[in-house]
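Here's the structure, in structure tokens; my notes come after.
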Amino acid sequence: MTTDQSKLEAINQALRAQRQLVRQLDDQQASLERQLQGLTGDSAGWAADTDPALGHVLEAFHALLGSLTESLSQGDAAQLLARCAAELLPDTTGAIFIDQAGVEPANRAVAAWRGAELLTDPNALHYECTEDQAAHRLNIEAQGLYLGVVELRPLSPGRALRAREQQTLQMLASAAGLALATHTLRYRLRHRNVRDPLTGLFNRRYAEDTLERELHRAQRHQLPLSVVLIDLDRFEAYNQRHGQNAGDRMLQAMSDLLQHSFRGSDICARAAGQRFLLVLPEAAIRDAIERANDLRRELAKVRVHLRGLHLPAMTVSMGVAGYPEHADSSDDLMAAADAALQLAKHSGGNTCALAEKVPLSPHNE
């Protein structure tokens, strides 16, 4: 099998794995939503079988649980659950801690209550891991995912939690697990569709879609726009000498620097292999070149450590193109930046080259 065939097979395997993961995420999300809807039905049945004083509270709980399926984010879901806790458990104080990364222990309170009051600052309770026998903590889990913790304490110091309060807390933890797991899976599915799995940067498709949109906006409002293509110099030789794992670590380290070097409106993507694409809305070509050269010097300082070894730094070549100076369509702008990048590579690397003007598209002549 040739090198090109091996690369093609590796790409096909990655695509098949991604499609399988997307199907799994879809199936898990649908299952969670069915379970959440079932939980709302269970709570309504419980309300009917208990005394009237508790029934109206559980009906409110049922309504809040139903709204969880419409919540827009994990934070929204946590707020709904805390509001429910404040109504169902007015003699307690507590908080919901969640962690998007699924790392234990979750230490970021996103929603909290004291008595019947929902707190605007969830961290105002200053919860700490103490040996308080009155505190009751339950992990929030679903579908094999660790999502956080819900903690409950009596509002009055010295008393123990009642059996009904502990039972209600268990219901809240179950509802929180289902709702937050649904949001986590939605997040991962969106992340998978627009992000490169190795570096966490946007993928090429997302960057090109954004470039098309931003170019139209630039043309409507007569604003500049620049793109920068970045390619690691002699990356294949680096991989051969130090191993693919070292090359991946270098890509990740450079990606981290790129992510922290630009404005929120800028788009940084992994275009392919060792190549990165920057889309800089409202950036004039002169500013783009200056920023690119600053970034080139910073990237040359990036070092990675692997198995106790300090691996050498790498240089990059860059090609810069801008609207309206070099092209008036996204395809031509990318072609101009690529031509400039090739010029930088052929000149020995570790440099930034400016594109030449591309002829206007036929519809604009």
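The table that follows gives values for the structure above.
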| quantity | calculated |
| --- | --- |
| Subset of the range 265-290 (residues that are in contact (Cβ under 8 Å) with a residue 12 or more places away in the chain and more than 24 Å from the chain's Cα centre (by Cα)) | 282, 283, 284, 285, 287, 288, 289 |
| Hits in the range 207-238 (condition: touching a residue at least 40 places away in the same chain (Cβ under 8 Å), small (Gly, Ala, Ser) and in a helix (DSSP H, G or I)) | 207, 218 |
| Within the range 145-188, considering residues that are polar (S, T, N, Q) and closer than 22 Å to residue 114 by Cα, the one surrounded by the fewest Cβ atoms within 10 Å (Cβ to Cβ) | 156 |
| Top-ranked residue of the range 141-159 - restricted to ones that are hydrophobic (A, V, I, L, M, F, W, C) and modelled with pLDDT under 85, ranked as nearest to residue 92 (Cα to Cα) | 147 |
| Exclusive hit being open to solvent by less than 10 Å² (accessible area, probe 1.4 Å) and under 17 Å from the mean Cα position of the chain (by Cα), set 225, 258 | 258 |
| Verdict on residue 321 being hydrophobic (A, V, I, L, M, F, W, C), modelled with pLDDT of 95 or more, open to solvent by less than 40 Å² (accessible area, probe 1.4 Å) and in a strand (DSSP E or B) | yes |
| Any chance residue 252 is open to solvent by 10 Å² or more (accessible area, probe 1.4 Å), among the polar types (S, T, N, Q), modelled with pLDDT of 90 or more and over 30 Å from residue 356 (Cα atoms) | yes |
| Among residues of the range 324-352, those that are part of a strand (DSSP E or B) and open to solvent by 40 Å² or more (accessible area, probe 1.4 Å), counted | 0 |
| Number of positions in the range 267-312 that are open to solvent by less than 70 Å² (accessible area, probe 1.4 Å), within 19 Å of residue 209 (Cβ to Cβ) and assigned to a loop (DSSP other than H, G, I, E, B) | 1 |
| Subset of the range 98-124 (residues that are of a type in the set (Gly, Ala, Ser), at pLDDT below 80 and not in a helix (DSSP H, G or I)) | 101, 102, 106 |
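The values are calculated or read from the model by the stated rules, or taken from the named source; none is laboratory data. From a predicted model like this one, the values you see are computed outputs, not experimental measurements. All Cβ positions, glycine included, derive from the backbone under ideal geometry; neighbour counts span all protein chains shown. For accessibility, only protein heavy atoms count, side chains too; no ligands or nucleic acids. Shrake-Rupley method; radii C 1.70, N 1.55, O 1.52, S 1.80 Å.
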